[in-house]
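The values are calculated or read from the model by the stated rules, or taken from the named source; none is laboratory data. Keep in mind that this is a model prediction, so the values were computed, not measured. So basically every Cβ, Gly included, is an ideal-geometry build from the backbone, and we count neighbours across all protein chains shown.
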């Protein structure tokens, strides 16, 4: 049978397609399975027992294993990719990312996005910045429907037609009620009997503003990222279509498949977890964040955390709030003779001779942290 | 202790071992876990919300997330490999593959195979074609025992002894009752409120015979295929034993580990899913299918679908039947100067200069498709 | 904000930190999910239906899919890495590994370790041998709390300071009640109707002391090991930090990332499974075991089993005990001219010309094996 008509659908939107005020109700939705849990909580070395040890999570007042913020972000963010960033060059910035209701195995997430503005790039006529606000809800229509996460992001999107006009104007972000749900402190629970399950030196009392914690471990990213990105339904071709890259390597960052930004986001959270996240009852918000360099298969990711402030948690004498900035970095081979001073190889925060340190990520965090006085 | 006896068991059968009429009740069986679900539904970019969004699947009248046809095929087919194709060169052809009862997390599949015929290869005295019929049942012995899938295949199997006689004759395939179970259309369900979760342009009304849909996305296969194949219990050594290949590369297709055919099968279904599968209530049957070239790690898979016919679904005014052919292809570096005409790099269906397009797979599909009139 | 203080925490203990009698209650704990089950039971080609087929497992008297010994070991052992072997060079020896209560999806494992002795290395002042005893319990504090596994191991740990004194003395291992739980033989169950689901030639009656079974299949390990190790919470940097290796390759075994020993441990069990493990009702104990060479990405693993003794199972006429030794090996390219005699390439137990066979693992096993007389 001769085919009389050929269809090749456009996937995703280009810069001129976005209108301020426009709403995307994203396709799909995603139920959190034990498979997703294993694959993404643990590949990133998350250490908080709330995400690993169901008897601990239940004793703390949760219904079961709690989806950690990195997995929540990976799933919710990925739902927005087809509509918002399938034709993006890079993700510029995260703004006002907040967490709400806890997410458990079996919950289904669905996400909506509102376009706030579309601004042309100053130098590159092929690009512009799309500013959006997205909100993820769980179990829509059910009794336990709840907002689990909301965030804004700014993303560099390609134009389809360099000469196209952009939709002008600005829409105000919606006021989304999204406050971190926390189990109450229950004096009848023997929290201390479980204190050995988390780090002894990462309670609220241990964090001092002005401290930089250089996390000891590194993790090499492999071509696993292609599989991981597919499992997240992230449809952007720059993560998984090697043939497309091979056709025109100069067009793509680094001339190779780039790792989806959610992966270093989650990995840096994981690497910091034994020092900063083990005794968190939850992450309240990430006021800002950004990727500062791309990650590729073969790179090894490291992380550090700077403690900026500590404060009481209103109404919760058992908790405090830690304000911190999480940094991610990797090392690249430096041009010959760019450094001559050898450095200790065991310090994985400083570039040794022949290498340069490349900052890849930063994220402001507000963390609800347990006090030793109440829990250990 | 000196060992007085060495045993090296033969695994799988050789050509001369098969007898028409012979029945294999395959070992193992496999319970569908949330782990299998995550790994295989999602790596292939399946977009149908029935397989991703439990609240949607339940609203449609299923018990929960529905195993999509690609995962059903991967699990059921793999159960037959040890007995039927562990010593095969390639899988030639799929015939009359039909789907029955829906499969959910927690269901256990067990598979039987009947040998229909054994025919010597015309040119190669070391090979012959084994024609089998396999049937997968779920929850054998329980109240909800049901046939979930049945299919025939023809496979090129090696002889152990080139001089051996083959078992002659022919056995008729069994008449297996295996009709796609579909939830009833329930006018009290607000299907339209969920219509944003699937593609707006892939309802029955959208398919026109004579149309070729060239699916936009590609997916690069990595060495992940070795792990994936093991997780499926597929025991064929040509997928996972690099040492065996290294001993005698000329003996094996391409001189390297070959990707298990179920993987491009599922991947092509997934790549076509946003355009063709999103609003399917189920795949009724795959009348024929075949692999036309091998897939290797590093290849990028693309897909296209040709719409051959559309028809009413008897007794179901809310549905129609789409008859289509799914094609998979990849590109290989072409010998120097074999092509001189450059082509647009954004068209991933046409080989650019220096490359040739290689058809890898084709599959006839009959799909039970929702009508927009009833669901959106 | 200028950071006034830099913290870089030591992770894990060094040789001089260990004291005989010291107890580690390891952090984290780990709930067995269906994701872990899929990833680790099946990647290793485990063939026992108890771990794959829930209807079979329930018919045999288990509550559902049973965690096979390889997965139990991977999870329990990994919990001890941060405290015991994060700064280890290699794991020397497993001693008196015993299994107790069955582990199901949903069970949470927590592990404790007692230090038995710390002995300096005879030749290398930077190293010493730490001898520990570890015990894994499930569902601590609940009605079904139970010991699921206990084992000793000896591990070569680095000193932080080559001049440091070691803690002398010796602590006796605790007497840990840990006996394999087995479902009773129930004459009302139609075991024979399920006999086709396991190998017909691997019942107790089939094992003859003095037999060496050379398992037919091999499995190539890929860079997947980095992901697998992270999912297990194994924090040792020699498995996942390529940058660290690149700084000083000479310091690390083979100058490359080494595969976590639990992976060949499990993989050898899996490769032997169709011949030795299919009709096991459980593994009773592994009296001794050791890694004899490292495994790297790209290596193909093979296995063999020697049957050493068979004996009755006291009080269980339906079972017998098989005593066996499991061996793992791989092949390495041999230096030119080291071998001149070509050998059959189909025998994957003997090195062909140009290769040498390298023993990588051995493990004594005591297996509770079903008798054909009662089950088939």
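Checking residue A:180 against (1) within 14 Å of chain C (Cβ to nearest Cβ); (2) within 25 Å of the chain's Cα centre (by Cα), only one condition comes out false. Which one?
With respect to (1) within 14 Å of chain C (Cβ to nearest Cβ); (2) within 25 Å of the chain's Cα centre (by Cα), residue A:180 is out only on (1).
What number of residues within the range C:236-256 are in a helix (DSSP H, G or I) and either farther than 21 Å from residue C:73 by Cβ or in contact with a strand residue (DSSP E or B) (Cβ under 7 Å, 6 or more places away or on another chain) (or both)?
13
I need the full set of residues from the range C:145-161 which are surrounded by fewer than 19 Cβ atoms within 10 Å (Cβ to Cβ) and in a loop (DSSP other than H, G, I, E, B), in order please.
Matches in the range C:145-161: C:145, C:160, C:161.
Looking at the range C:206-227, which of the residues that are at the interface with chain B (Cβ under 8 Å from one of its Cβ atoms) and not in a loop (DSSP other than H, G, I, E, B) is surrounded by the fewest Cβ atoms within 10 Å (Cβ to Cβ)?
Step by step, filter the range C:206-227, then rank; the result is C:211.
Residue C:263: more than 11 Å from every other protein chain (Cβ to nearest Cβ), crowded, with 20+ Cβ neighbours inside 10 Å, more than 24 Å from residue B:26 (Cα to Cα) and in contact with a helix residue (DSSP H, G or I) (Cβ under 9 Å, 6 or more places away or on another chain), yes or no?
Here the answer is yes, as residue C:263 does meet what is asked.
Rundown of residues vs (1) in a strand (DSSP E or B); (2) touching a residue at least 24 places away in the same chain (Cβ under 8 Å), yes/no style:
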{"position": "B:229", "(1), (2)": "no, yes"}
{"position": "B:233", "(1), (2)": "no, yes"}
{"position": "B:258", "(1), (2)": "no, yes"}
{"position": "B:267", "(1), (2)": "no, yes"}
{"position": "B:273", "(1), (2)": "no, yes"}
{"position": "B:294", "(1), (2)": "no, yes"}
{"position": "B:302", "(1), (2)": "yes, yes"}
{"position": "B:314", "(1), (2)": "no, no"}
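With the condition kept exactly as written, say whether any residue in the range A:14-26 is facing another protein chain (nearest Cβ under 10 Å), at positive phi, surrounded by fewer than 24 Cβ atoms within 10 Å (Cβ to Cβ) and touching a strand residue (DSSP E or B) at 6+ places or on another chain (Cβ under 9 Å).
Checking the range A:14-26: not a single residue is facing another protein chain (nearest Cβ under 10 Å), at positive phi, surrounded by fewer than 24 Cβ atoms within 10 Å (Cβ to Cβ) and touching a strand residue (DSSP E or B) at 6+ places or on another chain (Cβ under 9 Å).
So residue B:44 clears everything in (1) within 14 Å of chain A (Cβ to nearest Cβ); (2) touching a helix residue (DSSP H, G or I) at 6+ places or on another chain (Cβ under 7 Å); (3) free of Cβ contacts under 8 Å to residues at least 12 places away in the same chain except one condition, right? Which one?
(3)
Residue under question is residue B:32, and the condition is that it be surrounded by 20 or more Cβ atoms within 10 Å (Cβ to Cβ) and either within 14 Å of chain A (Cβ to nearest Cβ) or free of Cβ contacts under 8 Å to residues at least 60 places away in the same chain (or both); does it hold?
yes
Any residue in the range B:318-344 that's part of a loop (DSSP other than H, G, I, E, B): show its pairings with residues that are surrounded by 19 or more Cβ atoms within 10 Å (Cβ to Cβ) and modelled with pLDDT of 95 or more at Cβ separation under 9 Å, as long as the two are six or more apart or on different chains.
Hits for this filter: B:318/B:281; B:318/B:370; B:318/B:371; B:318/B:375.
Could you tell me which of the residues C:188, C:193 is surrounded by fewer than 17 Cβ atoms within 10 Å (Cβ to Cβ), part of a helix (DSSP H, G or I) and at pLDDT 95 or above?
Only one candidate qualifies: C:193.
So residue A:92 fits all but one of (1) within 14 Å of the chain's Cα centre (by Cα); (2) buried (at least 23 other Cβ atoms within 10 Å of the Cβ); what number is the exception?
Exception for residue A:92: condition (2).
Filter the range C:245-259 down to residues that are crowded, with 24+ Cβ neighbours inside 10 Å and more than 14 Å from every other protein chain (Cβ to nearest Cβ), then give me how many there are.
Here the count works out to 0.
From the list C:196, C:131, which residue is touching a strand residue (DSSP E or B) at 6+ places or on another chain (Cβ under 6 Å), more than 30 Å from residue A:64 (Cβ to Cβ) and within 14 Å of another protein chain (Cβ to nearest Cβ)?
C:196
So for the range C:327-341 (the condition being surrounded by 21 or more Cβ atoms within 10 Å (Cβ to Cβ), at pLDDT 95 or above, closer than 25 Å to residue C:225 by Cα and more than 17 Å from the chain's Cα centre (by Cα)), does at least one residue qualify?
There is at least one residue in the range C:327-341 that is surrounded by 21 or more Cβ atoms within 10 Å (Cβ to Cβ), at pLDDT 95 or above, closer than 25 Å to residue C:225 by Cα and more than 17 Å from the chain's Cα centre (by Cα).
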